[in-house]
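Below you'll find the structure, written out as C-alpha cells, and then a few comments.
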Amino acid sequence: MQTRQSKTIFVVLALGLLWCCAGFTGCAAYNLGNQCLFPQDIQTVSVSICGNETWRRGYGERLTEALIREIESRTPYKVVPECRADTILQVNIVGENKSVTFQNDWADPREISLGMTVEAKWIDRRTQGVRQSQHIDMQQEALKISSSAALVTEMGQSNVTSSQTLMQTIARHIVGMMENPW
C-alpha cells in the first residue's frame with residue numbers, strides 16, 4: 001500500500017515538475033508591456049519640429065509637443081537630439097479645414113468640424129531609408145494622415161481646445177504606425 005502511495009506521489013511530483021518546466025520554457029520568449037509592440041532594434045527617436053503649411057500659428061510646435069509626449073508615454077523609445085538618434089520622425093502639417101456640421105434654423109453654426117492633414121516620415125538614420133510597416137505602405141515619400149475633431153462652442157470648446165484634441169489624435173495615429181505589424 002505504501003509503495004502504491006509513493007508511486008502516486010512520485011507521478012504527481014514528476015507531472016508537476018514537467019508542467020512547471022514546460023510553462024517556464026514556453027514563456028521564455030514572451031515579452032510583457034509595450035516592448036513587444038515596437039521594433040526592438042531602435043532605442044532612440046528624434047522628433048523634428050513639425051512643419052506647418054497652414055495659416056495657423058503655433059500648430060507645428062503644438063503637434064511636436066504632442067508627438068513627444070505620446071512617444072515617451074507609449075513606446076520604449078527615448079526622444080533625443082538628432083545627432084544621437086537611431087531614427088528621425090519628420091511631420092509636416094499640409095492642410096487644415098473647418099466646416100459646419102450642424103446649424104440652427106437661423107443658419108447659426110452650432111457644431112463645427114476641424115480637420116487636419118499631415119505628412120509623416122519615419123527615417124532610419126543607420127540605413128537612410130524610410131521604416132517599413134506592414135499595415136501602411138511606407139514606400140512612398142511621406143504618409144498622409146487626416147483626422148477631425150468637433151468644435152461645439154455651447155459646450156465651452158474653442159478653436160484651441162478642439163485643435164489640441166485633434167493634434168493629440170494625430171499624434172496617437174502616428175505613434176500607432178510605429179508599432180510592429182501583427
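Taken together, the values in this text are just the output of simple stated rules run on the coordinates, not laboratory data. Here the structure is a predicted model, which is why all the values come from computation and not from measurement.
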- Item | Amide H contacts of F38 (H built 1.01 Å from N, under 5 Å, at least 5 apart or other chain) | N180
- Task: List, in order, the whole-Hz ³J(HN,Hα) value for each residue of region 110-119 obtained from phi through the Karplus relation with A = 6.51, B = -1.76, C = 1.60 and θ = phi - 60°; use x for Gly and Pro.
- Result: 10, 9, 10, 9, 9, x, 8, 10, 10, 10
